[in-house]
There are 4 protein chains.
Amino acid sequence: MTDWETSISSSGKDAVVRGEELEDVMEMDFSDAIFLILKEERPEKEESEMFNTILSSCIDHGVGNPSTVAARTVQSGGNSMNTSVAAGISALGDKHGGAIEECMELLQSNKSGEKIVEGKLEKGEKIPGLGHKVYKDEDPRSQKMLDKAENLGLKSEFTEKMLKIQEIFGEEKVDLVLNVDGAIAGIMSDLGFEPELGKGFFIIARTPGLVAHVREEMDEEDFRREKGKYVEE
Amino acid sequence: MTDWETSISSSGKDAVVRGEELEDVMEMDFSDAIFLILKEERPEKEESEMFNTILSSCIDHGVGNPSTVAARTVQSGGNSMNTSVAAGISALGDKHGGAIEECMELLQSNKSGEKIVEGKLEKGEKIPGLGHKVYKDEDPRSQKMLDKAENLGLKSEFTEKMLKIQEIFGEEKVDLVLNVDGAIAGIMSDLGFEPELGKGFFIIARTPGLVAHVREEMDEEDFRREKGKYVEE
Amino acid sequence: MTDWETSISSSGKDAVVRGEELEDVMEMDFSDAIFLILKEERPEKEESEMFNTILSSCIDHGVGNPSTVAARTVQSGGNSMNTSVAAGISALGDKHGGAIEECMELLQSNKSGEKIVEGKLEKGEKIPGLGHKVYKDEDPRSQKMLDKAENLGLKSEFTEKMLKIQEIFGEEKVDLVLNVDGAIAGIMSDLGFEPELGKGFFIIARTPGLVAHVREEMDEEDFRREKGKYVEE
Amino acid sequence: MTDWETSISSSGKDAVVRGEELEDVMEMDFSDAIFLILKEERPEKEESEMFNTILSSCIDHGVGNPSTVAARTVQSGGNSMNTSVAAGISALGDKHGGAIEECMELLQSNKSGEKIVEGKLEKGEKIPGLGHKVYKDEDPRSQKMLDKAENLGLKSEFTEKMLKIQEIFGEEKVDLVLNVDGAIAGIMSDLGFEPELGKGFFIIARTPGLVAHVREEMDEEDFRREKGKYVEE
């Protein structure tokens, strides 16, 4: 049985991560180590700064979303930190952080921006990365990311394609702000990450928030009970 | 219903994390943002460096441990990134990363090092934080952490208590190396973290490794089948 | 590697469950098959009837409890049936269905009813299996179970001990109804099940309810958002 | 907040399941109660017998498959019954029990058997419900189910369509046995269940097996370690 092969890491005396000795990895900033383990290479200085911004931007977004509710609810059933955080992460499905991955797929596909918008309009589907409940003119957080990407010389092909999609959609249908998912998808693609990691990256960024919520819930009463109502069909 | 109150974060236009505006958090290194969300304050420069080392040291330890096996096995059943990582995290129970938390509890209890060793010897239990399968004289990784803590002026009460426990246990029973769990437990305690976050901190550090493993498994054949054997009772 | 040994079942041509051929198991009622796989023997006719009643009594209890909320919330994040039901089951911790297991442990311990009540009173702890939010005189469901156990000739040592505990507690402190957890714990113990299966049995009984809830949630809007409130510490 | 509406069940004094009083549900066989909660009506006598056979046939299939490995591995990390069973259930993804659901979708689609086979052949995809690793001429378990369905007068439209697909595929490409997934998909469809419940039904049937495996694993050593190998990329 040699099924369990990996090129990610080893343990024990000669422990390595992506070919680098664990003791050297211990000298790296955590976000650089994340970059290394996902991309199989260390980030350049500019990439490192950009990556930190993206991760920090997703660390937590309030208490009412499904992942937070799931994590805290499971804790309230009398469960451990790991069980509760796991439930929170399992909530991060297609409708919860999934826009980043879908958007990266579109951007990295060989379809042009025009074709992408056309296809979405035909099917009557939303374009991931566009639109915001609150911001109508500009989302200051995605703008901050774009500015930083530009200043660091990292704004490239895929971010431009995202902006092009936004422009075309504005001409064809309606002006929508580029939201944080769209900015992240563009920049992560420009950093060389594949779409398959879009959700994984969001999971990494959000886990500290979930840990904090589960810790906070430990001080609340056990067995949260929501108001429910039975309705005869 | 005002049940879902939190002091961790909010979303929307005035989004904050622990009282800081999200746009300011986006300027923070990810590990500093983690420190902020868990400890409710930004780290000092020295604390930041130490915290990075601790997080990076736990990022991944090979493919054969329960969390990695669980995450990859669940992926192989035809599951998404979030479902698979969640299974990996759920595996991080009392026997898997749990020594940090148990050790922090002991160190932050009001029992002296002598009493702790005595109690463990009486019950015939292991002391968390001591002993290593491979290293018999010194664990170079925990030593590296201790050196860094000392150099940064962060080695204090709890790390000293841990070393005292090691010393007493050596006199009473047998010399064991201080392992990484013990070093982390001491330093995290000196950084002011409570034991309830010991496992949460390990979860945060290990999640990137789990994401990498699930991504790697996506390129493997579906439906991993282990060799099993039925034995009549 | 012969690690993965089991005496539960095998697959393939000679598939068995607890020594019985799978094709014979297919002729069994599902609850009898559950009894077989957990207890390593088929139930007697009376045990079978009792076991059905216990399982059916736990199948679902409304929408507001943690397991249901967790399962439905995870589904609303854009997740599959298996991921969502798993989150619901993970919510079934010490405070959610845990009373059965704790009660079975007490009943099957070598402490007398008197000692158990005494110990609980000293520590100021509740006695699992006693008390109900709504019913003050008698819980009609636990009474139904007790009557059935009696009629089937299955009410024995452990159920009697449970009733004794109720009586002593009434004399020492306050009259409380025997609730369903207490009735199940007593009867399951009399059926010869060990406490380690108390929670597992509840999981089995509740899974169909969780499946129904996840299915129902699929017709609801995606991404359930609870009302949350940020409060400055 | 009246978000949490359900037509499945209520709790408390007037507890019901699908409109039936909980105390009446307690008199039902567990499998009948499952039928009720999923299909919103009690089964006829023949449906009840058939449903029992289907559920019992899936109760457990050895130790080496992903759900069992995931559940036991998570337990070995030092976790509770509920956390471990949840991990096992989360493993039941598209490649693990997913054929039933996919097959029910095909059967209940408005495509004819000819069109279905044609479409699958064009795309070079497998037909769910056909083929078996071990059985080449006949799968005795699916045959048993079909015979029972016929004898009970329950073999109808969808099972016939499944057999038709098998026949056409044999003529067009190669003879494959109808496997258990195919038999279950046909019969469940004939019983009036929708495809969305295909996986849920399998989860219900397999949960007792997972509970038994987690219980068995509790007696094994903690922290299962698989043999892994690091390979430089």
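What follows draws every value from the coordinates through simple rules; no lab data is involved. Remember, it's a predicted structure, so these values are computed and weren't measured experimentally. Using ideal geometry, Cβ is built from the backbone for each residue, glycine included, and neighbour counts are taken over all protein chains shown.
Rg and Dmax of region A:41-158, using alpha carbons, in Å: what are they?
Calculated on Cα positions, Rg and Dmax stand at 17.7, 52 Å.
State, to one decimal in nm and shortest first, how far the label point of D:Asp219 sits from each corresponding label point in the other identical copies (label point: 7 angstrom along Cα-to-Cβ).
The answer, with the shortest distance listed first, is 4.2, 4.5, 4.6 nm.
Rounded, prolate or oblate: which one fits region B:151-233, using the alpha carbon gyration tensor with axes a ≥ b ≥ c (rounded when a/c is under 1.5, else prolate when a/b beats b/c, else oblate)?
Details: a/c = 3.40, a/b = 1.70, b/c = 2.00.
Verdict is oblate for region B:151-233.
Across chain C, how large is the tail of the calculated P(r) beyond 33 Å, expressed as a percent of all Cα pairs? Mind dumping the intermediate values first?
Working: 7852 of 27028 pairs.
Roughly 29 percent, rounded to a whole number.
Rounded to the nearest 0.05, what FRET efficiency do D:Asp147 and C:Lys164 give with R0 = 56 Å and r taken as the Cβ-Cβ distance? Could you check?
After rounding to 0.05, the efficiency reads 0.60.
About the Cα centre of the protein assembly as shown, what is the dipole size in debye to 20, counting +1 per Lys and Arg Cβ and -1 per Asp and Glu Cβ, all else neutral? Could you put the intermediate results ahead of the total?
Values: 112 positive and 196 negative charges, 1 e Å.
For the protein assembly as shown, the charge dipole is close to 0 debye.
Quick one: order C:His132, C:His213 by neighbouring beta-carbon count within 10 Å, fewest to most.
Working: C:His132 19, C:His213 26.
Fewest-to-most Cβ neighbours within 10 Å comes out as C:His132, C:His213.
If neighbour count is taken as other Cβ atoms inside 10 Å, put C:Ile187, A:Ile89 in order from fewest to most.
On the way: C:Ile187 27, A:Ile89 31.
Going from sparsest to densest Cβ surroundings: C:Ile187, A:Ile89.
Please list, in order, the residues from region C:165-206 whose amide nitrogen is less than 18 Å from a point placed 7 Å along the Cα→Cβ vector of D:Asp219.
C:192-201
Apply the Kirkwood formula to region D:187-233: the hydrodynamic radius equals the inverse of the mean of 1/r over all pairs of different alpha-carbon atoms; give it in Å with one decimal.
On the way: mean 1/r = 0.0691 Å⁻¹.
Kirkwood radius, region D:187-233: 14.5 Å.
So which residue, out of B:Thr159, B:Thr83, B:Thr68, gets the largest mean-square fluctuation from a GNM of chain B using Cα contacts under 10 Å as springs?
B:Thr83
Let me know the mean shielding of C:151-163 by other chains, meaning the per-residue number of their Cβ atoms within 10 Å of its Cβ. Provide the component values of the computation, followed by the final result.
Values: counts 0, 0, 0, 0, 0, 0, 0, 0, 0, 0, 0, 0, 0.
Mean inter-chain Cβ contacts per residue within 10 Å come to 0.
Let me have the 222 nm mean residue ellipticity of chain B computed from DSSP H runs of 4+ only, each contributing -39500 (n - 2.57), with the sum over all residues rounded to the nearest 500. Don't skip to the end; give the middle numbers.
On the way: 11 runs with 129 residues, N = 233.
Calculated at 222 nm, the ellipticity per residue is -17000 deg cm²/dmol.
Sorted from fewest to most neighbouring beta carbons within 10 Å, what does the list D:Lys45, A:Lys115 look like? Walk me through the numbers on the way to the answer.
Details: D:Lys45 9, A:Lys115 13.
The fewest-first ordering by Cβ neighbours comes to D:Lys45, A:Lys115.
Report the normalised scattering of the protein assembly as shown as log10 I(q)/I(0) at q = 0.05, 0.11 Å⁻¹, calculated by the Debye formula with identical scatterers on the alpha carbons.
So the normalised log intensities work out to -0.29, -1.43.
As a check on your reading of the symmetry: which chain D residue has its Cβ nearest the axis that brings D onto A, and how far is it in Å?
D:Thr83, 2
Got the relative contact order for region A:154-225 handy, in percent, Cα pairs under 8 Å and 6 or more residues apart? Can you show the working numbers first?
Values: 34 pairs, mean separation 22.8, N = 72.
Across region A:154-225, relative contact order equals 32 percent.
Which whole-number percent is the relative contact order of chain C (Cα, under 8 Å, 6+ apart)?
Details: 285 pairs, mean separation 61.2, N = 233.
It comes to 26 percent, rounded to a whole number.
Over the Cα atoms of region B:1-49, compute the convex hull volume and normalise it per residue, giving Å³.
Working: hull volume 3.7 nm³, N = 49.
It comes to 75 Å³ per residue, whole-number rounded.
Work out the charge dipole of region C:8-53 with +1 on the Cβ of Lys and Arg and -1 on the Cβ of Asp and Glu about the Cα centre, then indicate which of C:Val17, C:Phe51, C:Phe30 is farthest towards its positive end.
Going by the Cα projections, it comes out as C:Val17.
State, to one decimal in nm, how far the label point of D:Glu118 lies from the label point of A:Glu41, with both points 7 Å from Cα in the Cβ direction.
Roughly 5.0 nm, to one decimal.
Just the number, please: Stokes-Einstein D of region A:108-190 in µm²/s, Kirkwood Rh from C-alpha pairs, 20 °C, 1.002 mPa s.
On the way: Rh = 12.8 Å.
Answer from the Stokes-Einstein relation: 167 µm²/s.
If one computes the Cα centroid of region A:92-153 and of region D:198-232, what distance in Å separates the two points?
One Cα centre to the other: 39 Å.
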